[in-house]
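First the structure, in the form of structure tokens, and then the observations on it.
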Amino acid sequence: MKITSLAAAGMLALSACGTTTAGSTTGGSESSSSSSPSASASASTSTSTSASPSAATSQGAGTSSGAYTAAAWALPISDAGDKLGNLKGDSFSVDIYQVATDVASKDSMFVDKETKENLLKKGAPVVYLNYVVTNTSSADIPLSHSLVTPSAKYTDWKYLGGMPSDSSSDGYKKHGLSSSGTKLKEKAPFVLKPGESFNIAENFAYTAGKETEIKATLTPQDAAGDLDHDKKETADTTVTLK
């Protein structure tokens, strides 16, 4: 995942579509809410939240956890924050952590097509999720630069495309996270051996208590360096933000 992937998608004005329906749950949330908040895409309607990271953010951030074995090419793994749940594919799993809340450093490029309202204004709350991806199979998994890139979307998100995020790298550094997942100068294929893990993070407009669908896709790289779509795996789950 690149830092600007969601921001770039926002260059196109978003058009309203039907309410997003969560896919089948494969992991499950460790916390639940009794009801979904009403559908709303504007960041200005988000529940107010503290701009400081959660107390757990500084505990182990940027260090490998004893629960995971980092791949040689991967950045140190952090399991800081609240574990919201996990999802499982045929050969991989993803543990989902809510690490911190903060505020957007600038206006996003996501705009409501009808109201022309920016969907994530400077100073609006954002949340950082960290995903720890583990090879649960007995075989090596060669990955391209696409790695396994989980992405989140509120179950009532009514716009085409992803959700608005803060494209600045400063927030990731502040909270001991990375949106790339790999060390600098590492080259593909990124071989994820059995039992090995890597972590990758994202941020997006935050509303506390919101039901959120997490989807992940794994497409391994073949011997020629191309994506092997015949071995593509997808998995999803629904969690509830703290």
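Quick look at the values:
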quantity	calculated
Segment 123-143 residues that are within 20 Å of LEU227 (Cα to Cα), paired with ones that are of a type in the set (Lys, Arg) and open to solvent by 10 Å² or more (accessible area, probe 1.4 Å) (beta carbon under 6 Å, 6 or more apart)	ASP140/LYS193
Pair list, Cβ under 6 Å, 6 or more apart: segment 96-114 residue within 24 Å of GLU213 (Cβ to Cβ), other residue open to solvent by 60 Å² or more (accessible area, probe 1.4 Å)	TYR97/LYS83; GLN98/ASP82; GLN98/LYS242; ALA104/LYS122; MET109/MET11; VAL111/ALA13; LYS113/ALA13
Count of segment 76-89 residues which are assigned to a strand (DSSP E or B) and either open to solvent by 10 Å² or more (accessible area, probe 1.4 Å) or of a type in the set (D, E, K, R) (or both)	4
Residue count for segment 187-233, restricted to those that are out of contact with any helix residue (DSSP H, G or I) (no Cβ under 8 Å at 6 or more places or on another chain) and either over 30 Å from ALA104 (Cα atoms) or basic (Lys, Arg) (or both)	25
In segment 90-111, the residues that are outside any loop (DSSP other than H, G, I, E, B) and either surrounded by fewer than 17 Cβ atoms within 10 Å (Cβ to Cβ) or at pLDDT 95 or above (or both)	PHE92, SER93, VAL94, ASP95, ILE96, TYR97, GLN98, VAL99, ALA100, THR101, ASP102, VAL103
Residues of segment 138-154 satisfying the condition of being part of a loop (DSSP other than H, G, I, E, B) and surrounded by fewer than 17 Cβ atoms within 10 Å (Cβ to Cβ)	SER138, ALA139, ASP140
Breaking point among (1) touching a helix residue (DSSP H, G or I) at 6+ places or on another chain (Cβ under 8 Å); (2) surrounded by fewer than 24 Cβ atoms within 10 Å (Cβ to Cβ), for VAL126	(2)
Residues of segment 197-217 that turn out to be farther than 26 Å from VAL103 by Cα and open to solvent by 30 Å² or more (accessible area, probe 1.4 Å), as a count	1
Condition check for ALA67: in a loop (DSSP other than H, G, I, E, B), at pLDDT 95 or above and open to solvent by 40 Å² or more (accessible area, probe 1.4 Å)	no
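The values are calculated or read from the model by the stated rules, or taken from the named source; none is laboratory data. It should be emphasised that the depicted structure is a prediction, and the values quoted were computed from it without experimental measurement. Here the Cβ is made from the backbone with ideal geometry for all residues, glycine too, and neighbour counts use every protein chain on show. For the accessible areas, the whole protein counts, side chains as well, though only heavy atoms, and no ligand, DNA or RNA atoms are used. Shrake-Rupley method; radii C 1.70, N 1.55, O 1.52, S 1.80 Å.
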